[in-house]
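*Asks:* Sharing a structure below in structure tokens format, with a few things to ask.
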Amino acid sequence: MKTLKNIDSLKQTLIDIRKNNQSIGFVPTMGALHQGHLSLINKSKKENDITICSIYVNPTQFNNKQDLIKYPRNIENDIAMLHEIHCDILFVPSNEEMYARNEQLGDYNISEVMNLLEGEKRPGHFTGVITIVHKLFHLIKPHRSYFGEKDYQQIWLIKLFVKKIKSSTKIITCPTIRDDDGLALSSRNARLNLTQRKAATILFQTIDSFKDQILKIKKRHHNNRIDISILKYEQIKMIHQYSFIKLDYFEVIDVENFSFATEIVFNKNYRILIAAFIGEIRLIDNILID
Ligand code: PAF
């Protein structure tokens with residue numbers, strides 16, 4: 001694996017790749033890699049000639065300084081994992097490389113969705129995400145780029161962004177990888193202590209059981225639409241009973257336009273999204289109502 005730390009060396013390597021007409025798969029990450037990331041890299045390796053992974057903890061997408069400072073970092077371990085699965089290129093730029101001349105954020109107000117849920121709770125988060133993804137795409141010009149479904153709102157916005165700028169990069173969504181008890185793998189899980197780790201399974205249990213309730217109602221009533229407002233209210237009330245969890249949001253969205261749903265119509269697709277604090281660690285998860 002080639003490890004590149006600056007833009008110039010990456011550009012030089014890309015010239016050779018393009019000369020050879022090789023397809024490029026790109027997996028942007030913030031490191032502290034886990035099986036979820038590895039599944040993206042493995043998929044990219046299957047579908048492209050060259051796979052590039054970037055590790056960069058992008059400061060502009062953190063609205064909370066403490067969260068940025070405490071974000072897990074484990075570069076030696078990351079490099080060992082990438083070696084083991086034969087990733088071709090690792091790009092690990094510094095802040096000076098990515099934000100030269102202290103340049104600020106781009107004007108990326110692409111949708112109202114940027115200010116909902118994650119965007120509302122973490123103001124500026126998606127501007128930071130899109131800024132860095134745009135910079136990396138501009139540099140690498142990948143044929144395909146791979147993102148995990150756990151950050152559902154992020155993917156939704158990146159897909160929209162790519163469409164708006166008419167980028168030729170195809171965004172590939174990969175399923176969330178979960179531990180045996182359902183907890184979605186996340187770099188932030190590394191910060192959970194044993195008790196918090198056990199408590200964290202409530203996130204997946206909550207969305208999974210909410211989905212089951214909806215599907216059971218559907219079976220019983222053979223209705224084409226179900227009002228979910230009371231069901232949702234009951235579910236939120238239940239989560240509030242857990243003293244060790246502070247719920248940030250619990251929402252059902254129509255995946256087509258990201259609008260909040262109060263009813264489910266059965267020929268449309270919806271997702272249940274949840275965010276909650278376990279102690280000071282904030283986790284998110286989501287599930288499709290299929
Ligand atoms: O999902 C992430 O890890 C980050 O938001 C990303 C896409 C690498 C941008 O910094």
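The values are calculated or read from the model by the stated rules, or taken from the named source; none is laboratory data. The structure displayed is predicted, hence computed values, not measured ones. Because the Cβ atoms are built from the backbone with ideal geometry, glycine has one as well, and the counts that use them run over all protein chains shown. Surface accessibility is based on the protein's heavy atoms, side chains included, excluding ligands, DNA and RNA. Shrake-Rupley method; radii C 1.70, N 1.55, O 1.52, S 1.80 Å.
*Asks:* State whether one or more residues within region 185-204 are surrounded by fewer than 21 Cβ atoms within 10 Å (Cβ to Cβ) and within 11 Å of the ligand (Cβ to nearest atom).
*Replies:* Checking region 185-204: at least one residue is surrounded by fewer than 21 Cβ atoms within 10 Å (Cβ to Cβ) and within 11 Å of the ligand (Cβ to nearest atom).
*Asks:* Here is a further query. What are the residues in region 131-166 that are near the ligand (Cβ under 10 Å from one of its atoms) and either β-branched (Val, Ile, Thr) or open to solvent by 50 Å² or more (accessible area, probe 1.4 Å) (or both), if any?
*Replies:* 131, 132, 133, 151, 155, 158
*Asks:* Here's another thing I want to ask about it. Condition check: open to solvent by 10 Å² or more (accessible area, probe 1.4 Å) and over 16 Å from residue 28 (Cα atoms). Does residue 112 satisfy that?
*Replies:* yes
*Asks:* Among the candidates 169, 127, which residue alone is within 15 Å of the ligand (Cβ to nearest atom), buried (at least 18 other Cβ atoms within 10 Å of the Cβ) and more than 17 Å from residue 60 (Cα to Cα)?
*Replies:* 169
*Asks:* Taking region 239-258, which residues are loosely packed, with under 13 Cβ neighbours inside 10 Å and either touching a strand residue (DSSP E or B) at 6+ places or on another chain (Cβ under 9 Å) or assigned to a strand (DSSP E or B) (or both)?
*Replies:* Once the filter is applied, which keeps residues that are loosely packed, with under 13 Cβ neighbours inside 10 Å and either touching a strand residue (DSSP E or B) at 6+ places or on another chain (Cβ under 9 Å) or assigned to a strand (DSSP E or B) (or both), region 239-258 yields only 240.
*Asks:* Hey, another quick one. For region 93-100, state whether one or more residues are more than 24 Å from residue 163 (Cα to Cα) and either touching a Cys at 6+ places or on another chain (Cβ under 8 Å) or away from the ligand (no atom under 15 Å from the Cβ) (or both).
*Replies:* For region 93-100, residues more than 24 Å from residue 163 (Cα to Cα) and either touching a Cys at 6+ places or on another chain (Cβ under 8 Å) or away from the ligand (no atom under 15 Å from the Cβ) (or both): present.
*Asks:* Now a separate question. If I ask for residues that are open to solvent by 60 Å² or more (accessible area, probe 1.4 Å) and outside any helix (DSSP H, G or I), which ones from region 217-238 would you list?
*Replies:* Scanning region 217-238 gives 222, 223, 224, 225, 227.
*Asks:* Here is a follow-up. Determine if region 39-54 includes at least one residue that is crowded, with 16+ Cβ neighbours inside 10 Å, basic (Lys, Arg) and within 18 Å of the chain's Cα centre (by Cα).
*Replies:* yes
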